[in-house]
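> Pasting a structure here, questions to come.
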Amino acid sequence: MNAIIALSLFGISSLFLGFLNNRKILLPATLIFILIALGLNFADWNHEYFWFNGMLKTDNLSINFSTVILVAALLVVAISRHFGDDEEHSHPAEYYAIMLFSVVGAIMMVTYENLIMLFVGLEILSVSMYVLTGSDKRNLRSNEAALKYFLMGSFATGILLFGVALVYGATGSFQIHGIGAAVNEAKAQMGGQYGPILMAGTILIMVGLLFKISAAPFHFWTPDVYDGAPTIFTAFMSTVVKTAGVAATYRLLSTSFPGMYGLWGNPLVYITGLTLIIGNITAVYQQSFKRMLAYSSISHAGYLLITVLAKRPETNSSILFYSLAYSIATISAFAVLIVVSEAKAKAGKADESFDALNGLAKNNPFLAFVLTVSMLSLAGIPLTAGFFGKFFIFTDAFANPSILFKGLLVIAILMSAIGIYYYFKPIIAAYMRNGDTEKIEISPIYKYTLILTTALTIILGIAPDLVKKLF
């Protein structure tokens with residue numbers, strides 16, 4: 001909670017920093033703000049607090065999810081290379097402030113104890129993303145992406161709110177533990193049956209949350225929005241927003257509706273399988289590196305949903321470890337894309353396809369190595385964090401005795417094999433093809449960030465217990 005208050009104040013402070021003539025102070029100031037919030041977040045460790053009459057709850061699980069969100073936000077801000085250099089058309093103080101406010105919404109989504117606070121956090125995060133997606137006003141793709149995201153996001157929010165209203169009408173509570181108690185009582189009184197209002201409300205809430213994490217068939221907005229948004233904000237969406245959405249979904253289903261697993265569990269198995277198939281197979285046909293990462297994001301939502309479905313004591317740590325491993329690798333990949341695409345744009349050859357990476361290793365071996373490690377991790381290759389992320393998820397899934405779940409596990413393993421194919425495309429382009437990419441100069445903070453993300457990916461792939469035991 002202290003982190004939420006601090007980030008809100010820091011966001012306002014960033015707006016006032018915009019009145020200064022020196023734009024260079026904004027990046028380090030924002031990094032310091034997030035580091036302070038990270039420290040305040042850890043200060044609540046091993047303490048359980050309720051805030052605002054029990055509407056928010058701070059516990060170790062919410063602190064861990066908040067940590068993943070804050071670390072991802074810190075890394076994204078650190079790679080905001082040349083962000084705001086265009087003094088006529090860019091407003092970096094506002095962008096950084098909106099990013100800080102969006103992190104507030106994301107943390108609220110992992111600490112909510114009341115469905116009203118879930119909605120408030122979701123809207124703070126969503127509205128911020130609508131604005132940042134369309135921040136490049138001179139780019140028609142950015143404008144289209146923002147409009148599409150806003151319209152579809154608004155419908156999804158309306159569906160979620162309708163579901164919240166129905167659940168409240170059926171249970172008489174907005175508190176997630178109160179809803180869970182009412183569900184169990186209804187189950188006992190009605191012999192395992194539930195009223196149609198409660199079932200409809202549960203399904204509608206799930207639809208609204210699944211939209212936010214890009215699960216199929218609610219994923220149609222993702223490729224166009226990720227492709228049209230400025231790349232730095234795409235990296236933010238694919239990590240911070242996804243982690244917050246998965247955490248919110250897991251918190252709700254595991255607290256309020258575990259007794260209704262038969263209602264939401266079986267449909268979610270099919271949704272997860274469809275998400276894995278669509279995300280991975282469609283990614284194979286992409287020619288744009290950025291668009292491939294968008295479909296990759298869809299597939300990783302499927303892997304995370306497997307753990308949500310598993311219902312095991314290890315589920316908490318599995319989701320957290322996978323979210324951290326995925327976020328680090330994804331930010332590394334987007335960081336390389338940002339510097340390469342900027343270099344191509346300066347040369348008058350703006351390009352975000354795989355061809356832009358051709359010959360990258362020749363003059364930029366460091367960037368090629370970072371790209372390789374991130375792709376290997378996303379593919380789940382051993383000695384990377386992504387391997388153990390998938391290993392823990394598949395272990396959880398294998399422990400479920402359901403035949404339906406075994407089939408989902410087979411699909412997940414097959415889709416992982418397909419993922420190796422398209423994740424190796426940028427590696428092949430960087431090392432095995434000729435290109436005209438010149439030596440790219442990167443700032444020290446950018447370089448140190450890439451060293452950190454690459455080192456973490458390798459360390460977590462060698463000794464995953466260093467982090468997993470903390471969860």
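The values are calculated or read from the model by the stated rules, or taken from the named source; none is laboratory data. Treat the numbers as computed from the prediction; the structure is a model and nothing was measured. No Cβ is skipped: glycine too gets one built from the backbone with ideal geometry, and neighbour counts run over all protein chains shown.
> Determine whether the stretch 340-349 contains at least one residue that is in contact (Cβ under 8 Å) with a residue 12 or more places away in the chain, crowded, with 19+ Cβ neighbours inside 10 Å and within 16 Å of Leu450 (Cα to Cα).
Checked against the condition, which is being in contact (Cβ under 8 Å) with a residue 12 or more places away in the chain, crowded, with 19+ Cβ neighbours inside 10 Å and within 16 Å of Leu450 (Cα to Cα), the stretch 340-349 yields at least one hit.
> Mind checking which residues of the stretch 58-95 are of a type in the set (Phe, Trp, Tyr), modelled with pLDDT under 90 and not in a loop (DSSP other than H, G, I, E, B)? Outline the logic, then answer.
Of the stretch 58-95, the ones of a type in the set (Phe, Trp, Tyr) are 65, 83, 95.
Then keep just the ones that are modelled with pLDDT under 90; that gives 83, 95.
Correct list: Tyr95 only.
> Scan the stretch 226-235 and give yes if some residue there is assigned to a helix (DSSP H, G or I), among the acidic types (Asp, Glu) and out of contact with any strand residue (DSSP E or B) (no Cβ under 7 Å at 6 or more places or on another chain), otherwise no. Lay out the reasoning, then the answer.
The initial filter retains those residues of the stretch 226-235 that are assigned to a helix (DSSP H, G or I), namely 226-228, 231-235.
Filter once more, keeping what is among the acidic types (Asp, Glu): 227.
This time we only want the ones that are out of contact with any strand residue (DSSP E or B) (no Cβ under 7 Å at 6 or more places or on another chain), so: none.
So far as the stretch 226-235 goes, no, none of its residues is assigned to a helix (DSSP H, G or I), among the acidic types (Asp, Glu) and out of contact with any strand residue (DSSP E or B) (no Cβ under 7 Å at 6 or more places or on another chain).
> Scan the stretch 108-121 residue by residue and report those that are in a helix (DSSP H, G or I) and either out of contact with any strand residue (DSSP E or B) (no Cβ under 9 Å at 6 or more places or on another chain) or not aliphatic (A, V, I, L, M) (or both).
Let us first name the residues in the stretch 108-121 that are in a helix (DSSP H, G or I), namely 108-111, 115-121.
Those that are in a helix (DSSP H, G or I) and either out of contact with any strand residue (DSSP E or B) (no Cβ under 9 Å at 6 or more places or on another chain) or not aliphatic (A, V, I, L, M) (or both): Met109, Val110, Thr111, Ile116, Phe119, Gly121.
> Could you look through the stretch 107-123, keep only residues that are of a type in the set (Val, Ile, Thr) and touching a residue at least 40 places away in the same chain (Cβ under 8 Å), and pick out the one that is surrounded by the most Cβ atoms within 10 Å (Cβ to Cβ)?
First, the residues of the stretch 107-123 that are of a type in the set (Val, Ile, Thr): 107, 110-111, 116, 120.
Within this subset, residues satisfying the condition of being touching a residue at least 40 places away in the same chain (Cβ under 8 Å) are 107, 110-111, 116.
Details: Ile107: 32, Val110: 26, Thr111: 29, Ile116: 16.
Of everything passing the filter in the stretch 107-123, Ile107 is surrounded by the most Cβ atoms within 10 Å (Cβ to Cβ).
> Could you grab me the full set of residues in the stretch 444-471 that are of a type in the set (Lys, Arg) and in a helix (DSSP H, G or I)? Before you say what the answer is, go through the steps one by one.
Filtering the stretch 444-471 down to residues of a type in the set (Lys, Arg) leaves 447, 468-469.
Matches in the stretch 444-471: Lys447, Lys468.
> Give the residues of the stretch 366-414 that are small (Gly, Ala, Ser), part of a helix (DSSP H, G or I) and buried (at least 20 other Cβ atoms within 10 Å of the Cβ), sorted by residue number.
The first filter runs over the stretch 366-414 and keeps only residues small (Gly, Ala, Ser), leaving 368, 374, 377, 379-380, 385-386, 389, 397, 399, 402, 407, 412.
Next, from what is left, pick out any that are part of a helix (DSSP H, G or I): 368, 374, 377, 379, 385-386, 389, 397, 407, 412.
Result: Ala368, Ser374, Ser377, Ala379, Ala385, Gly386, Gly389, Ala397, Ala412.
> Please work out if Ser297 is part of a helix (DSSP H, G or I), hydroxyl-bearing (Ser, Thr, Tyr) and within 16 Å of the chain's Cα centre (by Cα).
Numbers: part of a helix (DSSP H, G or I): yes; hydroxyl-bearing (Ser, Thr, Tyr): yes; within 16 Å of the chain's Cα centre (by Cα): yes.
When the stated conditions are applied, Ser297 passes them.
> Could I ask something else about it? Tell me which of these Ala333 doesn't satisfy, since it passes every other one: (1) within 30 Å of Arg251 (Cα to Cα); (2) not in a helix (DSSP H, G or I); (3) not hydroxyl-bearing (Ser, Thr, Tyr).
Going through (1) within 30 Å of Arg251 (Cα to Cα); (2) not in a helix (DSSP H, G or I); (3) not hydroxyl-bearing (Ser, Thr, Tyr) one by one, Ala333 breaks only (2).
> OK, next. Pick from Leu166, Leu151, Leu147, Leu75: which is free of Cβ contacts under 8 Å to residues at least 40 places away in the same chain, more than 24 Å from Thr249 (Cα to Cα) and among the aliphatic types (A, V, I, L, M)?
Leu147
> Let me spell it out: the conditions are (1) more than 17 Å from Leu132 (Cβ to Cβ); (2) modelled with pLDDT of 90 or more, and His219 meets all of them except one. Which number is the exception?
Checking His219 against (1) more than 17 Å from Leu132 (Cβ to Cβ); (2) modelled with pLDDT of 90 or more, the one that fails is (2).
> When residues of the stretch 415-458 are filtered for being under 30 Å from Thr395 (Cα atoms) and either surrounded by 14 or more Cβ atoms within 10 Å (Cβ to Cβ) or at pLDDT below 90 (or both), how many remain? Steps first, answer last, please.
Going through the stretch 415-458, the residues under 30 Å from Thr395 (Cα atoms) turn out to be 415-427, 452-458.
Right, trim to either surrounded by 14 or more Cβ atoms within 10 Å (Cβ to Cβ) or at pLDDT below 90 (or both) and you get 415-416, 418-420, 422-427, 452-454, 456-458.
Matching residues across the stretch 415-458 total 17.
> Let me ask you something else. Looking at the structure I just gave you, is Gly302 at pLDDT 90 or above, in contact with a His (Cβ under 8 Å, 6 or more places away or on another chain), surrounded by 19 or more Cβ atoms within 10 Å (Cβ to Cβ) and not charged (D, E, K, R)?
Working: at pLDDT 90 or above: yes; in contact with a His (Cβ under 8 Å, 6 or more places away or on another chain): no; surrounded by 19 or more Cβ atoms within 10 Å (Cβ to Cβ): yes; not charged (D, E, K, R): yes.
Answer is no for this residue.
> For residues that are hydroxyl-bearing (Ser, Thr, Tyr) and more than 30 Å from Val167 (Cα to Cα), scanning just the stretch 256-291, find the one that is surrounded by the most Cβ atoms within 10 Å (Cβ to Cβ).
At the first step, the residues of the stretch 256-291 found to be hydroxyl-bearing (Ser, Thr, Tyr) are 256, 261, 270, 272, 275, 282, 285, 288.
Among the residues that remain, those that are also more than 30 Å from Val167 (Cα to Cα) are: 282, 285, 288.
Numbers: Thr282: 20, Tyr285: 10, Ser288: 18.
Per the criteria, the residue is Thr282.
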